Amino acid sequence: MRLTIKTEELRDELIRRVEDLSRQSLLQCYQCGKCSAGCPVVDEMDVIPSEIIRLLQIGRLEEVLNSKTIWVCASCLQCASRCPKGVEFSNICDALRQMVLRKRLSNPRMDADEVSAIMISDAPQMGVVAALRKLNG
Amino acid sequence: MKIPYYPGCTLHERALDFDVSARECAKAVGVELQELPIWTCCGAVFPLVSDNVMEILAPVRNLAYAAREGDKLVTLCSFCYHVLKRANKVVKDDPEKMEKANLFLRADTEAREEVESYTRKDYEGQVDVLHYLEMLRDVVGYDEVKKKLRRTLDGLRVAPYYGCMLLRPKKEMEFDDPEQPSIFEEFLDTLGCDVVDFAMKTECCGGFQIVADEDLAVQCSRNVVGSALKNGAEIIVTTCPLCRYNLDKKQDEMAKSVRGFKKIPVVYFTQLLGIALGIGGEHIDFSDNYVDPRPVLAGKSLL
Amino acid sequence: MEERIGVFVCHCGSNIAGVVDVKRVAEELGKYPGVAYSTDYTYMCSDPGQTMVKDAIKEHNLSGVIVAACSPTLHEATFRRAGRVAGVNPYQVEIANIREQCSWVHQGDKEAATRKAIKIIKTMVEKARLDEALDPIAVPMTHKALVVGGGIAGIQAALDIANAGYETILVERGPSIGGHMAQLSETFPTLDCSQCIMTPKMVEVAQHPRVKLMTYSEIDDVSGYVGNFKVKIRKKAAYLDRDICNGCGLCMEKCPAKTTSEFDEGLAQRKAIYTPFPQAVPNKPVLDRDHCTYFLNDGKCGICKKICPVQCIDYEQEDEIVEDEVGAIVVATGYDLYPIENLGEYGGGKYPDVITSLQFERMLSASGPTEGEVKRPSDGKVPETVVFLTCCGSRDPEAHMPYCSKVCCMYLTKHAMLYKHKVHDGQAYVFYMDVRTAGKGYEEFYTRAAEEDDVLFLRGKVSKIFEEDGKVVVWGVDTLAGRKVEIEADMAVLGLATVPNAAAKDLANMLKLHTDEWGFLAEAHPKLRPVESLAPGFYLAGAAQGPKDIPEAVAQASAAASKVAHLFAEEEYHREPIIAWIDEDTCAGCRVCVSVCPYDAAEFDVEKGIARIQEAICEGCGACIAACPSASAQQRNLTDEQVYKMVSAALEG
Ligand SMILES: Cc1cc2nc3c(=O)[nH]c(=O)nc-3n(C[C@H](O)[C@H](O)[C@H](O)COP(=O)(O)OP(=O)(O)OC[C@H]3O[C@@H](n4cnc5c(N)ncnc54)[C@H](O)[C@@H]3O)c2cc1C
Ligand code: SF4
Ligand code: SF4
Ligand code: SF4
Ligand code: SF4
Ligand code: SF4
Ligand code: SF4
């Protein structure tokens, strides 16, 4: 695998948008990986949280937006809580989801219409509301 | 003592067992929880993106309602507590967002008849959002609670599960040490329980992912329940309907992937408090529990 | 007297002359009042240039000299020397900076640059016209040093100063000297036994005829100034006469009271009457009353007193204050480990098998609690898998310390290696962010650990450690593989950050030494004056100044000692005379100067009811001069009158 780094890609406006939306500065991350080490759902991720940040640092926004990772994050805030540099990956993840959802692109992993009837009649309401807001815009 | 109370949607309906036990217990320790005359859903999530003002409007509106009732607001559900507390902090720290929220509140007041009877003032973050546990510890006092107990829960091995939303982010929630918290342990100590320390008490139960991806969430909740079991717990207590759901109702799914899985009941902390305070009957209702806690409790002669 | 000032305009090759019209400058200045002679030359600082200045001084009978050239930091001293040789007081030789402040910054505009150069020189002429002839201030000096802290740095500094011929007092808070180095097993990168290389030095310093060793002692008070400090040293009650004690050890053997050993980092017990370790210097015990049965239980016990063959136990003993005078003070108060309690995600100290790096050192040490065997504290089993964690509390600006602790990469590599040497089929893992091996032989040491001792280095930080089912479970990550890593280990060792010793912070406060925001002592200049404090007469050595390893601590200690020897080389101490003075006739005694002086040089003279400047201490910073409401505080050779004249000259025309 090879990567040609292009300065324009590094300075992609959309990546600045990720920083604005999440209120995080990507270059503050020194890639220690502590966020990934403590993430409860990392087993199901295709790209681990610290790698998502790395990809953004080197201008690979598309790759990140197409990852499964951003949809499996449970917003548990553990990554943010333990980051030695005060980077809140949870917020970066939310920003990335929003960027997809606001383009009216649906979440590839959850269709609102397909949330099962059992769930709706059984699960606590706040859980259903939270899922729809986080994962369906 | 009367304290304004925000139940939130889930306690209003699907987690009535939590709501009812909490109100009864409060009475028993000398607090009347006064439900806000009007309130709406808090929205369940706190927006993590900077430009989303919309998602703080609902919590701020509820806080503005609360401001008319007093200077404190007690709530129980971890999600409600999280959202209300963080939204409150946004109002306090971010003048621009405060202004936006108040613009909305003004329009809202005009549009709705019920609220006209209130004299409207801008909301500037003046309400202190308290979790019920904080109310017990700081307003009532654990010592006072202890005096009111009818029985202690001696020998009951209880694992306190904090989950995510109460503790994180530390700087905003200011609830407890996010890694080695103690408010729950001290509470259980007050009731006389054997507190079970377990490593996963602050790890995620899977949260809202249960709606989108059950396997994913079960993986998390199995981890939590497994850790409580390994450390010898007989019962898990939570402060959150979603945690309760994930940890309790999904135990059949957990059992599928763990050999020799032993079921363990998951109850709200107010239900144990109720038992210790001698509250009985319909107020301490376990009919919604998937894993029935009654055998364990009966085994300790607590029913 | 009519001032006769000479102006010497330097071309600095083309540095100045390429921009400034130096001929015109020299010509203009020649016409300025007070200037008796003016000229220009290619390189004033060269030998012929200096000779030119000297000759002109004699020939034209000059009373003051202005060299219009580069920054005074470069050649002020050069020309002052030249002035002195030719008979002009050095403090009447001034530099007008027309290079950094003129030619270099105005390259595009020759005319303006030339006008500016003229003005700069005129202001200096105004200053020089009123400059007084001054002499350096001579202060009497006590040729004796105090070294605080008896770790390797303090020991080395004391030895070097004593060997240079000066009396030295070495004060150590604990019962023995040695500091942390005495606790270590073997030392990177050579793996020599720490005790073996350390003990000879400890003995040497204790027996040195010019060193007065005071252990179990602390500094109570320091007053005075460089060359003339008065110190009060508190000899803490050891409840026995350590001069008479012969170190037989009977008391320690028979004492029934036990507590945890600080020296063994809580992994073993010691008696209430104890020496911290068998090779302690002095090898004489102290009695710790907080754990002694006699003191806790109303006089019940007294075994040590009964058994002592020389009758030196004294339960009534009190702290003793010893006063002395010294000329210089070396602070070598060392470091502590960052508290494990602050690392909640790693258990915060609640798991017995998650230990600190110093605990592991004690475990590895042949004279330690396990006699050098690696055994886990919980059950004494030999761990088959050990995980080592770097940067625990370091490089974490969010919750802990932002800086790199510098030694932990190396000592954890050493730990992993030594563990493998003791447990051959064991597995060692090191989680790291970067392995920092900047030192002679360090990279080779790390390579050896990875290649020959099969230590597996995993690049990533650990998020959580917990104990379950008798295992220490580590949640880490391998960022190179892009995977979360879970290891079920038997033990974990935390490479905790190096922080300044807690007691050292109090001492720094008492001595009014500058520290950085974490409490490490601040050096006068990070590059060029790394072993001196900003406060004159104070020198820094070892980890008290910042995280460092043994070779660096020793080098710094020797450097500090040589600075002390340098100071002591003169009979008296000479200071720059450009300091403040108070006009006694106008001073109203308001004491503003006393309150603003950062060096406590301005003091209130109660008898006269006015302020006074202590010449030996004043640094000439000017704070009092700016603050004094009646303009009574003035700076020598920079009086208000001089400043006004300089400003007028600058603004004219
Ligand atoms: C686990 C570990 C392993 C290490 N391994 C190595 C290694 O292999 N190789 C290597 O080169 N370096 C190693 N180091 C680093 C080494 O320990 C230090 O470089 C060295 O000990 C610094 O010596 P010091 O004299 O500056 O400080 P210290 O050893 O801390 O000595 C300071 C002394 O001052 C005393 N003191 C403090 N305050 C006062 C006061 N107010 N009054 C009187 N006395 C006071 C203290 O009691 C102490 O005796 C290791 C460090 C650690 C933590
Ligand atoms: S924990 Fe923080 S610094 Fe470390 S990789 Fe994650 S975001 Fe970056
Ligand atoms: S917030 Fe998302 S990415 Fe961060 S630890 Fe939780 S689940 Fe993982
Ligand atoms: S009095 Fe007894 S307990 Fe105290 S130090 Fe002496 S022998 Fe030990
Ligand atoms: S018994 Fe007396 S002489 Fe012997 S070590 Fe103890 S105090 Fe010293
Ligand atoms: S020396 Fe190594 S382990 Fe220590 S703080 Fe620096 S990088 Fe981290
Ligand atoms: S010049 Fe500075 S150091 Fe000197 S007395 Fe005044 S304030 Fe103190």
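The values are calculated or read from the model by the stated rules, or taken from the named source; none is laboratory data. Since the structure is predicted, the reported quantities are computational estimates derived from the model, not experimental observations. Don't worry about glycine lacking a Cβ; one is built from the backbone with ideal geometry, like all the others, and counts go over all protein chains shown.
The requirement of being over 30 Å from residue C:13 (Cβ atoms), at pLDDT 95 or above and in contact with a helix residue (DSSP H, G or I) (Cβ under 6 Å, 6 or more places away or on another chain) is not satisfied by residue C:106.
Here's the yes/no breakdown for (1) within 23 Å of residue C:470 (Cα to Cα); (2) of a type in the set (S, T, N, Q); (3) in the same structural domain as residue C:170 (by TED's automatic domain parsing):
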residue	(1), (2), (3)
C:284	no, no, no
C:287	no, no, no
C:300	no, no, no
C:312	no, no, no
C:355	yes, no, no
C:359	yes, yes, no
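Can you pull out the residues in the range C:497-515 that are more than 14 Å from chain A (Cβ to nearest Cβ) and within 16 Å of ligand 6 (Cβ to nearest atom)?
C:498, C:499, C:500
Applying the criterion of at least 2 residues that are free of Cβ contacts under 8 Å to residues at least 60 places away in the same chain to the strands (runs of 3 or more DSSP E) found wholly in the range C:522-591 leaves C:580-582. Of the residues screened, residue C:277 is not one that is of a type in the set (A, V, I, L, M, F, W, C), buried (at least 20 other Cβ atoms within 10 Å of the Cβ) and either away from ligand 5 (no atom under 16 Å from the Cβ) or within 14 Å of chain B (Cβ to nearest Cβ) (or both).
Per the listing C:258, C:306, C:300, the residue uniquely free of Cβ contacts under 8 Å to residues at least 40 places away in the same chain, in contact with a His (Cβ under 8 Å, 6 or more places away or on another chain) and not aliphatic (A, V, I, L, M) is C:258. Selection within the range A:40-49: residues that are free of Cβ contacts under 8 Å to residues at least 24 places away in the same chain and over 17 Å from residue B:164 (Cβ atoms). The member of this set that is nearest to ligand 7 (Cβ to nearest atom) is A:48. Between B:180, B:126, the distinction of being on the phi < 0 side of the Ramachandran plot and assigned by TED's automatic domain parsing to the domain that holds residue B:71 belongs to B:126 only.
Yes or no, residue by residue, for (1) under 20 Å from residue B:228 (Cβ atoms); (2) part of a loop (DSSP other than H, G, I, E, B):
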position	(1), (2)
B:261	yes, yes
B:270	yes, no
B:285	no, yes
B:292	yes, yes
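Applying the condition of being small (Gly, Ala, Ser) and closer than 26 Å to residue B:208 by Cβ to the range A:14-34 and asking which residue is nearest to the other protein chains (Cβ to nearest Cβ) yields A:33. Of all residues in the range A:70-88, which are more than 19 Å from residue C:475 (Cα to Cα), more than 7 Å from chain B (Cβ to nearest Cβ) and outside any loop (DSSP other than H, G, I, E, B)? Of everything in the range A:70-88, those that are more than 19 Å from residue C:475 (Cα to Cα), more than 7 Å from chain B (Cβ to nearest Cβ) and outside any loop (DSSP other than H, G, I, E, B) turn out to be A:70, A:71. Every condition in (1) within 14 Å of chain B (Cβ to nearest Cβ); (2) touching a residue at least 60 places away in the same chain (Cβ under 8 Å); (3) in a helix (DSSP H, G or I) is met by residue C:400 except one, and the failing one is (3). The condition of being buried (at least 23 other Cβ atoms within 10 Å of the Cβ) and either modelled with pLDDT under 95 or outside any helix (DSSP H, G or I) (or both) holds for only one of C:16, C:57, that being C:16. Restricting attention to the range C:60-76, the residues that are more than 25 Å from residue C:119 (Cβ to Cβ) and either outside any loop (DSSP other than H, G, I, E, B) or in contact with a Ser or Thr (Cβ under 9 Å, 6 or more places away or on another chain) (or both) add up to 0.
Identify, from the list C:502, C:508, the residue that is within 30 Å of residue C:541 (Cα to Cα), surrounded by fewer than 15 Cβ atoms within 10 Å (Cβ to Cβ) and within 29 Å of the chain's Cα centre (by Cα).
C:502
Checking each residue in the range C:160-176 for being not acidic (Asp, Glu) and not in a helix (DSSP H, G or I) picks out C:164, C:165, C:166, C:168, C:169, C:170, C:171, C:173, C:174, C:175, C:176. One residue stands out among those in the range C:380-417 that are farther than 14 Å from residue C:435 by Cβ and buried (at least 24 other Cβ atoms within 10 Å of the Cβ): the one that is farthest from ligand 3 (Cβ to nearest atom), which is C:386. With respect to being within 9 Å of another protein chain (Cβ to nearest Cβ), farther than 25 Å from residue A:5 by Cα, touching a strand residue (DSSP E or B) at 6+ places or on another chain (Cβ under 7 Å) and more than 16 Å from ligand 5 (Cβ to nearest atom), residue A:37 fits the description.
Among residues of the range B:70-96 being assigned to a helix (DSSP H, G or I), within 13 Å of another protein chain (Cβ to nearest Cβ) and without any contact (Cβ under 8 Å) to a residue 60 or more places away in the chain, the one that is farthest from residue B:23 (Cα to Cα) is B:93. Determine which member of the set A:11, A:54 is away from every other protein chain (no Cβ under 11 Å) and over 19 Å from residue B:48 (Cα atoms). On inspection, the qualifying residue turns out to be A:11.
If you filter the range B:206-245 down to residues that are away from chain A (no Cβ under 12 Å) and outside any helix (DSSP H, G or I), you find that the one that is surrounded by the fewest Cβ atoms within 10 Å (Cβ to Cβ) is B:232. Under the condition of being touching a Phe, Trp or Tyr at 6+ places or on another chain (Cβ under 9 Å) and outside any loop (DSSP other than H, G, I, E, B), the residues counted in the range A:101-122 number 1.
Residues in the range C:475-496 that are touching a strand residue (DSSP E or B) at 6+ places or on another chain (Cβ under 8 Å), within 16 Å of ligand 2 (Cβ to nearest atom) and either among the β-branched types (Val, Ile, Thr) or over 20 Å from residue B:202 (Cα atoms) (or both): C:477, C:478, C:479, C:480, C:483, C:485.
Every residue, every condition in (1) among the aliphatic types (A, V, I, L, M); (2) within 14 Å of chain A (Cβ to nearest Cβ), yes or no:
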residue: B:1; (1), (2): yes, no
residue: B:6; (1), (2): no, yes
residue: B:16; (1), (2): yes, yes
residue: B:21; (1), (2): no, no
residue: B:30; (1), (2): no, no
residue: B:33; (1), (2): yes, no
residue: B:37; (1), (2): no, no
